[in-house]
Amino acid sequence: MTGMNHIAILPILIPMAAMVFNLLVGDGRSNRRIIGINIGFSVLLLLVSILLLTVLAQSSTAAAAVYPLGNWPVPFGIVLVADRLAAVMVLTTSILSLAALIFASARWHSRGTNFFPLFHALVMGLNGAFLTGDLFNLFVFFELLLAASYGLALHGGGRNRVRAAMHYIVINLVASFLFLIGVALIYGTTGTLNMADIARAVPHIAADDLGLFEAGVAVLGIAFLIKAGSWPLHFWLPNTYSSAAPPVAALFAVMTKVGFYAILRLWTLVFANQTGPELAFGQNVLFVLGIATVAYGSVGALSSKALDRLASYLILVSAGTLLLAVAYNVPGVTTGALYYVVVATLAAGALFLLKDVIDQVLPAEAQILAVSLEFYGDEEEVLDEDQEVSRSFPAAATLLSWCFAIAALVMAGLPPLSGFLSKFAMLSAAFGADNAPTAATWWITGALIVSGLFVLIAMVRNGINIFWTSLPDDGGLALRPLEIGPIMVLLALCVLMAVFAGPALSYFADTAAFIHAPQNYIDLVLPQEDTP
Amino acid sequence: MELTLAIAIGVLSASGVYLLLRPRTFQVIIGLSLVSYAVNLFILSMGRLRMDAAPILSGADANIADYADPVPQALVLTAIVIGFAMTALFLVVLLAARGLSGSDHVDGKGD
């Protein structure tokens, strides 16, 4: 693995190079060649992510690419750690960002200035947050991705977008300050910022400092929960996501997963698996918050009539499901959760993109119908022929409704698609974890099944509104290949995840086994002689 | 010294949180600035309070106990830069919201 360690920094360097390139050539939004080069950078990133994942999958379970920045000795310098968990998250980000970038290059990139540099900056921040092994560096990458996301949330302008972005910025700035307080408290009590070093130092914290350390962990946890969209800290999410430009919202689907990733990484590594007084810190709180988030997201999904709001609430449902899985703290449940995070992110991203395509083909009055159902039943189905912007597809409506149906099946977790397999993996592991199912097992079962039902009802109702009552007759629909293509690829990947569930689940099982045995990670990152 | 710093952090964060919860965007941005000052001071205090101690080692035989912890100072520097940049960005969004909605209420509604 020595030569391959350099691969750990490439997922950060490639988007940075793309960003610098865009800043140098200026705002070339109408230049097809510049758009092509931008897509080329994303393709390159995807190839590197695939390479990283395959290298890790072929080496032993406890392998990871460790890259000390500037070659400083590890507890003192910043280190990048690309283990299997980070590789999965980086690959998911790369797939979704490529799809969103291709989608945006059809139309959305020209709705405002500097779309491409901001987009690459967001991808760079996401990859950096997944790869870093240093707590303060995690903060810096968080700020980087947030700064880019502020700009992207404003992309396209307009009153609603600016208002939602303003709330989003204030809430995330406050969350960043909480993050800093938590990091400072943890540094004050452990004397280090390296995650592996913190994990090693936790059992040796003086009894007097333990309260201070736990306060720091709790404050840090609140900062992560705000990013993850956990109830009751989720209130910024539906407005921001539903008012952002669709390709941006699709990429934002990964952003809540950063909060999940940070919680999973830190809680398995540092706070949950230690023997002694730190055993499972805050696990019960996380569990209750997970249940509440799932419940809130399900009810919100039922109450939302517009597809973009529905997709935002689906993000909340998946955030809650992931919190439940982290709180359960069993390798088998984590396996299912990792499978779930990939398919839920891809499907949610596809849904945000699909919403934009459906908006274009729906007659104007149907869009009003989607928001207020008062006009139900008396709309006249007229398609304005002047609005036809590209060649029409045969059976375009069939294609759209199939895409919608696949997204609905994945999000609701119905067989035979990957959403069902992930939930099944989580539940069967939860039942198999102890000899007899505990109360927590029944709670997680109920939450997953009932939320699946609610999501299904909401999606079916929305689908009926769109495809059976509002959509004009087939043949007249104009779809851009650049826009429908990425959606189909994302959903095809969800289907493929179900077809190749065996290899995927065994990879995720290895990942879960690795992150639930924190000593492996500590041994990898820290020099051996430092380990007491 | 500890008491002075603790009171300063407490007053700054209390006024900051109060202003954050106010309905006008200008109050919110001043509140954010005050909270960021409080957080910066807090990070500095996490390296333990030392008087007359340099953070940079000089000489090979220096005793580490005579020096202040340099890491929180580096963290504060980063936090100041990031906080400043974000506040500047928020200022622009604030002005855009003011121009689009014609009101300086955080929800864009006049009252």
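The values are calculated or read from the model by the stated rules, or taken from the named source; none is laboratory data. As the structure is a prediction and not an experimental result, all values here were calculated from the model. Cβ: placed from backbone, ideal geometry, glycine included. Neighbour counts: every protein chain shown. Surface areas here come from the heavy atoms of the whole protein model, side chains and all, with no ligands, DNA or RNA. Shrake-Rupley method; radii C 1.70, N 1.55, O 1.52, S 1.80 Å.
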Can you tell me which of A:L289, A:L314 is part of a helix (DSSP H, G or I) and touching a Ser or Thr at 6+ places or on another chain (Cβ under 9 Å)? A:L289
May I ask you to say which residue of B:L57, B:L32, B:L75, B:L20 is more than 24 Å from A:L135 (Cα to Cα) and at the interface with chain A (Cβ under 9 Å from one of its Cβ atoms)? B:L20
Of (1) surrounded by fewer than 24 Cβ atoms within 10 Å (Cβ to Cβ); (2) under 29 Å from A:I198 (Cα atoms), A:Y328 satisfies every one except (1)
Give me the pairs, please: first residue somewhere in the range A:182-207 and within 18 Å of A:A223 (Cα to Cα) and within 14 Å of chain B (Cβ to nearest Cβ), second residue anywhere and among the hydroxyl-bearing types (S, T, Y) and open to solvent by 10 Å² or more (accessible area, probe 1.4 Å), beta-carbon distance under 6 Å, and either six or more positions apart or on two chains. A:L193/A:Y187
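Tell me, which residue of the range B:60-72 that is more than 9 Å from every other protein chain (Cβ to nearest Cβ) and in a helix (DSSP H, G or I) is most open to solvent (accessible area, probe 1.4 Å)?
By that ranking, first place goes to B:I64.
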Scanning the range A:152-165 for residues that are at the interface with chain B (Cβ under 8 Å from one of its Cβ atoms) and touching a Leu at 6+ places or on another chain (Cβ under 7 Å), the one most open to solvent (accessible area, probe 1.4 Å) turns out to be A:R159
From the list A:S49, A:S59, pick out the single residue that is under 22 Å from the mean Cα position of the chain (by Cα), open to solvent by less than 40 Å² (accessible area, probe 1.4 Å) and over 22 Å from A:M195 (Cα atoms). A:S49
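Hey, among A:A148, A:A100, A:A129, A:A121, which residue is surrounded by 21 or more Cβ atoms within 10 Å (Cβ to Cβ), assigned to a helix (DSSP H, G or I), touching a residue at least 60 places away in the same chain (Cβ under 8 Å) and within 14 Å of another protein chain (Cβ to nearest Cβ)? Full working, then the answer.
Details: A:A148 fails: touching a residue at least 60 places away in the same chain (Cβ under 8 Å); A:A100 fails: within 14 Å of another protein chain (Cβ to nearest Cβ); A:A129 fails: within 14 Å of another protein chain (Cβ to nearest Cβ).
Answer to the selection: A:A121.
Looking at A:F420, A:F431, A:F404, A:F424, which one is more than 24 Å from A:T334 (Cβ to Cβ), surrounded by 13 or more Cβ atoms within 10 Å (Cβ to Cβ) and aromatic (F, W, Y)?
After ruling out the rest, the residue left standing is A:F404.
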Count - residues of the range B:91-111 that are open to solvent by less than 30 Å² (accessible area, probe 1.4 Å), hydrophobic (A, V, I, L, M, F, W, C) and either without any contact (Cβ under 8 Å) to a residue 12 or more places away in the chain or farther than 16 Å from B:I29 by Cβ (or both): 1
Scope the range A:225-272; condition open to solvent by less than 10 Å² (accessible area, probe 1.4 Å), under 30 Å from A:T192 (Cα atoms) and in a loop (DSSP other than H, G, I, E, B); matching residues: A:G229, A:S230, A:A272
Only one of (1) modelled with pLDDT of 85 or more; (2) farther than 18 Å from A:S94 by Cα is not met by A:V43, so which one is it? (2)
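Could you please let me know if A:L414 is outside any helix (DSSP H, G or I), crowded, with 16+ Cβ neighbours inside 10 Å, free of Cβ contacts under 8 Å to residues at least 60 places away in the same chain and touching a helix residue (DSSP H, G or I) at 6+ places or on another chain (Cβ under 9 Å)?
For A:L414, the condition - outside any helix (DSSP H, G or I), crowded, with 16+ Cβ neighbours inside 10 Å, free of Cβ contacts under 8 Å to residues at least 60 places away in the same chain and touching a helix residue (DSSP H, G or I) at 6+ places or on another chain (Cβ under 9 Å) - is met.
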Identify, please: which residue in the range B:17-46 is small (G, A, S) and over 21 Å from A:A165 (Cα atoms) and is, among those, nearest to the chain's Cα centre (by Cα)? B:A38
Among the residues of the range B:92-111, which ones are at the interface with chain A (Cβ under 8 Å from one of its Cβ atoms) and aliphatic (A, V, I, L, M)? B:V93, B:L94, B:A96, B:A97, B:L100, B:V106
Restricting to the range B:35-54, count the residues that are under 18 Å from B:V71 (Cβ atoms) and either surrounded by 15 or more Cβ atoms within 10 Å (Cβ to Cβ) or facing chain A (nearest Cβ under 9 Å) (or both). 10
Residues of the range A:166-179 being at the interface with another protein chain (Cβ under 7 Å from one of its Cβ atoms) and open to solvent by less than 10 Å² (accessible area, probe 1.4 Å), which ones? A:M166, A:I169, A:L173
Return the residue satisfying two criteria in turn: it lies in the range B:2-29 and is touching a Gly at 6+ places or on another chain (Cβ under 8 Å) and in contact (Cβ under 8 Å) with a residue 12 or more places away in the chain, and of such residues it is least open to solvent (accessible area, probe 1.4 Å). B:G16
State yes or no: is A:F139 at the interface with another protein chain (Cβ under 9 Å from one of its Cβ atoms), within 22 Å of B:P72 (Cβ to Cβ) and open to solvent by less than 10 Å² (accessible area, probe 1.4 Å)? yes
Can you tell me which residues in the range B:78-91 are at the interface with chain A (Cβ under 7 Å from one of its Cβ atoms), β-branched (V, I, T) and farther than 18 Å from A:F141 by Cβ? none
